[in-house]
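Working notes, beginning with the structure itself.
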Amino acid sequence: MRPGRVMLALAMSVGLATSVVGCQTVDGTASAPSDQVAAYRSEQSVAAAARSRTQAIALCEQAIPSMAAMVREYNAFIAALNKAQDYTKLHGLDTKAREQLALGANEIRPKVTEELPADLAASIREFLSAGASLNNLIGARRSSELNSVAQVWTRERQTTIDVCARYIPSVSSTPSAPPASSGPATSKPAPTATP
């Protein structure tokens, strides 16, 4: 070590020792009055509830139009599939449905935060999961399984809309008719109701 650094280190240690020697303790306890603690906790709870409501509104305002676009493209695909009974004759409507399912999910997913109310977070996650399954089934051309997954997707979409109605009163919470149940492999997939 250089002599200048040694002197600096020595001066700093002497200064630190001098400042510690001058310290004194303070008598008493380290507690806040309980009424102030309660008021603080209440303020924090109100602030958390406000953040949660703000996040819920942001999610709902994004999710509802995204869901409507997803349903429109899915229904167009199903109508064409029911008519043609052949994926090769769909003129790309299967691809458009898959793209819209992915786009809608990508628009909604960033709004799913830790501050969302638990019931809304759960239903939107289920909706997104069912939408991914639906997308995969369309891509795999497994039409015999579409109805059962579409029922879950539709149920979770409606649940999300119903929960959103608590945060955005103008949202309709009238249940829509679920798609027809899945039948044998020869049954036609059913379109889903729009929000």
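The values are calculated or read from the model by the stated rules, or taken from the named source; none is laboratory data. Computed from a predicted structure; not experimentally measured. Cβ: placed from backbone, ideal geometry, glycine included. Neighbour counts: every protein chain shown.
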### Task
Determine if region 85-94 includes at least one residue that is buried (at least 16 other Cβ atoms within 10 Å of the Cβ), of a type in the set (Gly, Ala, Ser) and modelled with pLDDT of 95 or more.
no
### Task
Considering (1) assigned to a helix (DSSP H, G or I); (2) surrounded by 14 or more Cβ atoms within 10 Å (Cβ to Cβ); (3) of a type outside the set (Ser, Thr, Tyr), say which one residue 116 fails and leave the rest.
(1)
### Query
Which condition number does residue 121 fail, the rest of (1) assigned to a helix (DSSP H, G or I); (2) touching a residue at least 12 places away in the same chain (Cβ under 8 Å) being met?
(2)
### Message
Residue pairs, Cβ under 6 Å, 6 or more apart or interchain, first in region 132-143 and charged (D, E, K, R), second at pLDDT below 95 and assigned to a helix (DSSP H, G or I). List them.
### Response
141/87
### Message
So in region 39-52, with the set limited to residues that are surrounded by 11 or more Cβ atoms within 10 Å (Cβ to Cβ) and modelled with pLDDT under 70, which one is nearest to the chain's Cα centre (by Cα)?
### Response
40
### Query
charged (D, E, K, R) and modelled with pLDDT under 90: does that describe residue 72?
no
#### Entry: Selection status of residue 173, over 17 Å from residue 58 (Cα atoms), at pLDDT below 95, touching an Asp or Glu at 6+ places or on another chain (Cβ under 9 Å) and outside any helix (DSSP H, G or I)
yes
